1. In region 234-332, what is the volume of the convex hull around the alpha carbon atoms, normalised per residue and reported in Å³?
2. Multiply the residue separation of Ser214 and Ser251 by 0.36 nm, subtract the distance between their alpha-carbon atoms, and state the gained length in nm to one decimal.
3. Over region 128-230, consider all pairs of different Cα atoms and compute the Kirkwood hydrodynamic radius from their mean reciprocal separation; express it in Å, one decimal.
4. For a footprinting-style exposure proxy, rank Thr298, Thr311 by other Cβ within 10 Å, fewest first.
5. Mind sorting Val322, Val175, Val129 by how few other Cβ atoms lie within 10 Å of their own Cβ, fewest first?
6. Report the label-to-label distance for Glu122 and Ser331 in nanometres (one decimal), using points 7 Å from each Cα along the Cα→Cβ vector.
7. At 0.36 nm per residue, minus the direct Cα-Cα distance, what do Arg240 and Thr221 gain on full extension? Give it in nm, one decimal, please.
8. Tally Lys and Arg at +1 and Asp and Glu at -1 over the other residues with C-beta under 10 Å from the C-beta of Cys41: what net charge comes out?
Amino acid sequence: MQRTPAWHLLLQVTGLLASHILIQQPPHVQVLQGEPALLSCSFNHSLGNSPPFYKWFQADTELKVSSNVTQTLIPDNNSSHIRILMFFPSVQLHQADKYTCEVYILWNLQKDYGKGPGTLLEVHAPPSVSTMPTEQEVELKGRKLTLTCTASSYYPKGINITWLYPDNKTVTNGVTSTLEQYTPRQGFRMISYLVLHPRATDQQIQYSCQVVHSTLRLPITRDISFTLRRGLSYQQVSRRSSPLGHFSPLSGQHVGAPVGSFLELLCVVDGPHPSHVLWLDPSGTVRADGPLSRATLTLSLLQPSDSGPYTCVASDLYRRHVLEVHVEALSPTSLWARWVTFPLFLLTVASMHIWSRCCPGARGRQPGRSGRRQGFADAGGK
């Protein structure tokens with residue numbers, strides 16, 4: 001019996017006699033989302049009685065066998081050719097990545113190793129399409145209205161979003177779209193906007209959003225249909241202090257007037273439909289009623305009991321709008337106090353400012369002078 005040289009055994013134990021396994025993988029596999037996908041790597045090796053050990057990697061992360069991924073070792077009839085398969089029963093967009101097969105075999109005291117070049121799994125996904133608004137009644141705020149059509153979670157890049165009139169003619173005015181934005185494992189996303197400027201006679205809005213993509217046999221069409229409800233354009237309160245004076249808009253929601261004086265508040269609303277306007281006093285009693293989008297609240301001889309929140313309520317065909325104004329009846333004492341204390345406050349602040357600017361070290365020099373006088377007095381006493 002021929003003996004194996006000691007140096008040969010040493011090389012086997014240290015792995016220096018290990019050979020490289022040439023792994024073959026298809027460079028690219030393309031599949032539609034939801035369909036099964038099969039990845040394979042193959043190699044030639046005389047295994048003998050030594051089974052191969054193998055791993056699959058998604059990018060740099062080792063994959064484990066689960067209900068979503070299965071791995072199988074299949075020797076061919078020719079025992080020197082081995083295939084390792086990985087099966088996805090229903091591939092999803094987040095599984096699109098590069099997959100690499102790694103194999104090593106221990107036999108005859110040596111370790112053979114090989115790593116495949118990797119297979120790029122490309123998952124094509126149809127777009128998910130959503131539109132806004134989704135309500136059956138939409139309130140028009142201002143003079144324009146924006147419709148939105150969003151296509152998301154699709155792959156590959158390249159999508160066409162078109163707006164259609166009810167007669168299937170293409171809308172060209174007022175259409176803007178974002179660029180296609182890609183997020184790894186989430187696919188592409190694109191949003192298209194249609195800006196409308198409804199006329200006063202427009203009540204029923206009907207448009208369609210049509211999406212075309214390479215993964216679709218037929219375009220996806222989403223209809224947008226709703227009733228347009230117009231609200232108030234604005235609601236404003238003005239005041240005047242004389243029956244013959246002019247109304248001036250309030251700068252806030254608070255108004256003050258002397259006790260016994262005249263105060264009149266005018267609430268005006270503007271909208272596509274006539275509004276009924278009411279003034280309610282702090283107790284909730286109706287003090288003024290105007291059917292033609294305006295109402296005037298008159299407080300001829302303002303009394304302290306008139307102080308409190310007054311509410312202008314405007315109601316049109318669709319909704320109710322409320323605006324609250326707080327009225328304060330100012331007593332002569334409070335008026336006199338305000339006219340006296342505020343100028344005194346301003347005078348005090350101004351005097352302090354002037355003193356600090358012209359005599360910045362006045363306060364700091366006083367202790368020094370006092371100290372010097374005390375020192376002279378002590379010296380004289382001695």
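Throughout, read-outs are computed from the coordinates displayed, never taken from laboratory work. Computed from a prediction, not measured in an experiment: that's the story for all the values here. With ideal geometry, Cβ positions are generated from the backbone for all residues, glycine too; neighbour counts draw on all protein chains shown.
1. Numbers: hull volume 9.1 nm³, N = 99.
In region 234-332, the Cα hull volume divided by residue count equals 92 Å³.
2. Numbers: separation 37, 0.36 × 37 = 13.32 nm, distance 5.81 nm.
Working it through step by step, the gained length comes to 7.5 nm.
3. On the way: mean 1/r = 0.0690 Å⁻¹.
For region 128-230, the Kirkwood estimate is 14.5 Å.
4. Working: Thr298 13, Thr311 16.
Ascending Cβ contact count within 10 Å gives the list Thr298, Thr311.
5. Values: Val322 11, Val175 16, Val129 21.
Ordered from fewest to most neighbouring Cβ atoms within 10 Å, Val322, Val175, Val129 come out as Val322, Val175, Val129.
6. Computed distance between label sites Glu122 and Ser331 equals 8.6 nm.
7. Numbers: separation 19, 0.36 × 19 = 6.84 nm, distance 5.73 nm.
Gain on stretching Arg240 to Thr221: 1.1 nm.
8. Values: positive: Arg83, Lys115; negative: Glu102.
Its environment carries a net charge of +1.
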